Amino acid sequence: MKLRVLDPEAIERAASPGLVLDAVRDALIAHAAGRTVVPPPLHMDFPDAEGDCHVKAGRLTDSADFTVKVATGFYGNPRLGLPANHGLVCVISARTGRIRAVLDDRGMLTAWRTAAAGALVTHAMARRDATTAAVFGTGEQARLQITWLAELRPISGVLVHGRSMERSRAVCDWLAARGLDARPASADEAAGADMVLTTTPATTPVLKSAAVREGTHVTGIGTDMPHKNELPAALFGRARIIATDDHDQCLDHGDFGHAVRAGTTAEDSDVAAGVVLAARPARADDAVTVADLTGVGALDAAVASAVLDRLDP
């Protein structure tokens, strides 16, 4: 039987934002409840090419499929006129071991499920009256985090902080074309927004804990390998609620792990992001809250299966 390969155009026709948000929400809740199988990810680093690769596998235990995903990030690619992210997802039957399909999405589903996870968790953990958002980073994920969050709650203004003013302005223009009021900002100004999202491959923190105001929620997206670090350890010490998408994974190679090793928070101080989504916890208006999201293979499995099911009802 010929292997079925789906191109990005076919995948995009099936993968509506609503489908992805629902699949990611359900997968995070299932993961928190222990209803997933997620082996440790495989990592490779290519410092000479400013690149990295990770391979993640996962399954929801009641699903007929499991997935193996290869995702790459080569952060100098935009200088060559190439996208920074690439990848594919292989969907395999959990009953026969036969490959059901290869989703040659070129990293699109990874980007979308990452945006969905960040938006869902940020929306659930931020103050109900939070309306201003800031994003650190100027790549695809910076754009997606804000636009997907705007699907869930009104955003009155967006602050964009990047290393390049030109790229920061380009993100602001892109967001403005989608109806969002956005402008470049310094790191300290951006850290003062109601909701802060970090989307960079940084190896040292991109913001200062002291610049984060009381009542702010911060979601870290970019730290998905041991050598990366976006959020300062001191910020976790201030947080009254810390959410992780996977405790062991975030402890091993997330910003949460950096904070635990620095002694600013305890190893058992976090709550599963799925628990936050299932029962949105009460939070004081002056509380600082933090989410560390490193990317869970079960989310890839849920989204890929949902896309295939939409194509083959």
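With a Förster radius of 41 Å applied to the beta-carbon distance between Ser164 and Asp285, the computed FRET efficiency rounds to 0.70.
So if I average 1/r over every pair of distinct C-alpha atoms in region 1-107 and take the inverse, what Kirkwood radius in Å does that give? Before the final figure, lay out the partial values.
Numbers: mean 1/r = 0.0646 Å⁻¹.
With all distinct Cα pairs of region 1-107 included, I get 15.5 Å.
Extents of region 144-231, taken as max minus min of Cα coordinates on every principal axis and listed largest first, are 36, 29, 22 Å.
Legend: translational diffusion of the chain by Stokes-Einstein, Rh = Kirkwood radius over C-alpha pairs, 10 °C, 1.306 mPa s; D = 82 µm²/s.
So for region 30-186, what percent of the C-alpha to C-alpha distances run longer than 20 Å?
More than 20 Å apart: 60 percent of the Cα pairs in region 30-186.
Taking Cα atoms, how many degrees apart are the long axis of helix 297-311 and the longest axis of the chain, rounded to 10 and kept between 0 and 90? Roughly 60 degrees between the two axes. Note on the chain: antiparallel DSSP beta bridges, both residues inside, total approximately 50 percent of the bridges counted. With neighbour counts taken as other beta-carbon atoms within 10 Å, the residues Asp7, Asp194, Asp22 rank, fewest first, as Asp7, Asp22, Asp194. In the neighborhood of Asp188, defined by Cβ-to-Cβ distances under 11 Å, what is the net charge if each Lys or Arg adds +1 and each Asp or Glu adds -1? It works out to a net charge of +1. Taken over region 118-295, the alpha-carbon convex hull comes to 93 cubic angstrom per residue. Note on Val275 and Arg261: their simple-model spin labels are 2.5 nm apart, each label 7 Å out from Cα toward Cβ.
How tilted is helix 17-32 with respect to the longest principal axis of the chain? Cα atoms for both, answer in degrees (0 to 90, nearest 10). The angle comes out near 90 degrees.
Compute the signed sum of charges (Lys and Arg +1, Asp and Glu -1) over the other residues within less than 13 Å, Cβ to Cβ, of Ala116.
Working: positive: Arg25, Arg113; negative: Asp22, Asp26, Glu151, Asp245, Asp300.
Taking every other residue near Ala116 into account, the sum is -3.
No value in this document is a laboratory result; all are computed from the given coordinates. Since the structure is predicted, the reported quantities are computational estimates derived from the model, not experimental observations. No Cβ is skipped: glycine too gets one built from the backbone with ideal geometry, and neighbour counts run over all protein chains shown.
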